[in-house]
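The values are calculated or read from the model by the stated rules, or taken from the named source; none is laboratory data. Because the structure is predicted, anything quoted here is derived from the model rather than measured. Cβ: placed from backbone, ideal geometry, glycine included. Neighbour counts: every protein chain shown. Surface areas here come from the heavy atoms of the whole protein model, side chains and all, with no ligands, DNA or RNA. Shrake-Rupley method; radii C 1.70, N 1.55, O 1.52, S 1.80 Å.
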Amino acid sequence: MSLIEIRKRSLTIESIYHEGGPVAATPLKLAASCAVIKNPYAGRYEPDLLPFMAELRTLGTLLAEELVATLGKENVEVYSKAAIVGVDGEMEHGAVWHEAGGWAMRAVLGEPKAMVPAAKAVAATGYRLMVPLHNIHASYVRSHYNSMEIGIQDAPRPREILFALVMGTGGRVHARLGGLTKDGIKVHDGQR
């Protein structure tokens, strides 16, 4: 029997043309693919979460493929992942997404080396979470430090978990603070 029971999914796309400065020649697109599932461990302590984490790879792949289909694989420059656990669950029920969601995005994107940033919380229904983003090839590309808000008005319910993956097509539209640029990536170690 599957541990993953989806109640609903959402896809949110933001197109950012400017933030008070000149209009970008190409708008930055950020997209979040979310799934709300029943928490199979709500209200009880489960010592072995590894089967759940392994099964979540399929959900991660589904969300990652939706984002790549939306943005185009060749256009993705930033990524992240997030989980909001309903109040009858625990933080560890969201932490399973670190491996499952991160693995899925790397597999779908062709194994980029930068770590996948993340955010997670145990919270009430309707909670909104700011998710950090950075470059998929080098964590220290300063122009690509960004964030996107995720959440669904009626989720997660107390015995649910909202899992999200986020991808985007570039850095901030008016980035001008120096530091490593995407053109300056040369070490290819996931950091620089």
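The set of residues in region 157-173 that are open to solvent by 40 Å² or more (accessible area, probe 1.4 Å) and over 19 Å from residue 75 (Cβ atoms) comprises 157, 158, 159.
Residues considered: 179, 110, 184. Of these, the only one that is open to solvent by 20 Å² or more (accessible area, probe 1.4 Å), in contact with a Phe, Trp or Tyr (Cβ under 8 Å, 6 or more places away or on another chain), among the small types (Gly, Ala, Ser) and farther than 30 Å from residue 39 by Cβ is 179. Reported count of residues in region 76-89, each being surrounded by fewer than 24 Cβ atoms within 10 Å (Cβ to Cβ) and under 16 Å from the mean Cα position of the chain (by Cα), is 1.
Sort out which residues of region 102-118 are in contact with a strand residue (DSSP E or B) (Cβ under 7 Å, 6 or more places away or on another chain) and not in a strand (DSSP E or B), and write them in order of number.
Going through region 102-118, the residues in contact with a strand residue (DSSP E or B) (Cβ under 7 Å, 6 or more places away or on another chain) turn out to be 102, 105, 113-118.
Correct list: 102, 105, 113, 114, 115, 116, 117.
Scanning region 4-45 for residues that are of a type outside the set (Val, Ile, Thr), without any contact (Cβ under 8 Å) to a residue 60 or more places away in the chain, open to solvent by less than 70 Å² (accessible area, probe 1.4 Å) and not in a strand (DSSP E or B) yields 40, 41.
Considering 170, 89, the condition of being assigned to a loop (DSSP other than H, G, I, E, B), farther than 28 Å from residue 54 by Cβ and at pLDDT 95 or above is satisfied by 170 alone. Only one of the numbered conditions (1) on the phi > 0 side of the Ramachandran plot; (2) assigned to a strand (DSSP E or B); (3) not hydrophobic (A, V, I, L, M, F, W, C) is violated by residue 149, and that is (1).
For residue 158, the conditions (1) without any contact (Cβ under 8 Å) to a residue 12 or more places away in the chain; (2) within 20 Å of residue 3 (Cα to Cα) are fulfilled apart from (1). Residue 183 falls short on exactly one of the conditions (1) among the acidic types (Asp, Glu); (2) touching a residue at least 24 places away in the same chain (Cβ under 8 Å); (3) over 23 Å from residue 99 (Cα atoms), and that condition is (2).
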